[in-house]
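Note sheet for the following structure.
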Amino acid sequence: MVLEIIKYGHPVLRERGARITAITPEIRQLAADMLETMHASKGVGLAAQQVARAVQMAVHDVRGVKDRPSTMELDGRPADVDSLMPLVLINPEFTPVGEPVSGPEGCLSFPEIFADISRSQTIDVVAQNLAGETLRFRCGGLLARAIQHEHDHLRGILFIDRMSRASKLEHQDELDLLRAETKAALKARAR
């Protein structure tokens, strides 16, 4: 089922997600719905907070993105990124390996707003999958950027928090309008 992606101004986007302690049927369904939602929105990543669920789960799928390639290593050997997609990460953690690089980012919770954000080029990731198994891998390129972006969401950090001051000022009117629209919609629903 395609879920509503909440927009900037919704309070759950600032919530730190709770750790997932059991892979329940509800968690499996949430993962499936998040993947369907991400694909329907043409995204490469989606955090649970973006569908109003404050838990530590994100989904990713970088297949088809050729202008911003991704790399992955399993057990120190190159792996085919596409064969491992889509990727569901539960309680993910990462360690930066590469130097930070600036690159373009957008966010499904901030429609039509893009900015260059500095993130580690390569990261080591540890997470659980839907089978409850521990995943350990190194990734780079777009996948590394997407995982870091969604990891921020799981902690209530938004990509605007990582924008340069100049970039944030450039988008301030759009951000103010989006936040106001979201707050008005929430108020109307509460009635």
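Readers should treat all values here as calculations from the given coordinates under stated rules, not as data from a laboratory. Predicted model, so just to flag it, every value in this text is computed and none were measured. As a convention, Cβ positions derive from the backbone with ideal geometry for all residues, glycine included, and neighbour counts pool all protein chains shown.
Rounded to whole Å and sorted largest first, what semi-axes of the equivalent ellipsoid does the C-alpha gyration tensor of region 50-91 yield via the square root of 5 times each eigenvalue?
Values for region 50-91, descending: 23, 14, 7 Å.
What is the local net charge at Gln148, summed over the other residues whose Cβ is closer than 13 Å to its Cβ (Lys, Arg +1; Asp, Glu -1)?
Details: positive: Arg119, Arg145, Arg155, Arg162; negative: Glu93, Glu105, Asp124, Glu150, Asp152, Asp161.
Computed value for this residue: -2.
Determine the dipole magnitude for the chain: charges of +1 sit on the beta-carbon of Lys and Arg, -1 on that of Asp and Glu, nothing else is charged, the reference point is the Cα centre, and the result goes in debye to the nearest 20.
Magnitude of the dipole: close to 540 debye.
How big is the chain by the Kirkwood estimate over distinct Cα pairs, in Å?
17.0
Lys/Arg Cβ at +1, Asp/Glu Cβ at -1, dipole of the chain taken about the Cα centre: which of Gly9, Phe159, Ile23 is farthest positive-ward?
With unit charges placed on the Cβ atoms, the residue in question is Gly9.
Report relative contact order for the chain in percent, whole number only (criteria: Cα-Cα under 8 Å, sequence separation at least 6). Present the calculation step by step, with values, prior to reporting the outcome.
Numbers: 359 pairs, mean separation 49.7, N = 191.
That works out to 26 percent.
Enumerate the aspartates and glutamates that Lys7 could reach by cross-link, defined here as Cα to Cα under 13 Å, with residues fewer than 8 away along the same chain left out.
Straight-distance partners of Lys7: Glu112, Glu174, Asp176, Glu181.
Can you show me the helix-derived [θ] at 222 nm for the chain, built from DSSP H runs with n ≥ 4 at -39,500 (n - 2.57) apiece and divided by the number of residues, rounded to the nearest 500. Walk me through the intermediate numbers first.
Numbers: 4 runs with 55 residues, N = 191.
My calculation for the chain gives -9000 deg cm²/dmol from helical runs alone.
Using Cα springs under 10 Å in a Gaussian network model of the chain, which residue among Gly106, Gly76, Gly156 shows the largest mean-square fluctuation?
Gly76
Check cross-link reach from Lys66 to the lysines: straight Cα distance under 19 Å, and skip same-chain residues fewer than eight apart.
Lys42
Just how far, in whole angstrom, is region 66-82 from region 170-189 if you go by their alpha carbon centroids?
What the calculation gives is 38 Å, centre to centre.
Amide H to amide H, which residues 5 or more places from Gly45 or on other chains are under 5 Å from it, using H placed in the peptide plane?
Asp61
For the residues Lys42, Lys183, what sequence is obtained by ranking on other C-beta atoms within 10 Å, fewest first?
With the fewest neighbours first, Lys42, Lys183 line up as Lys42, Lys183.
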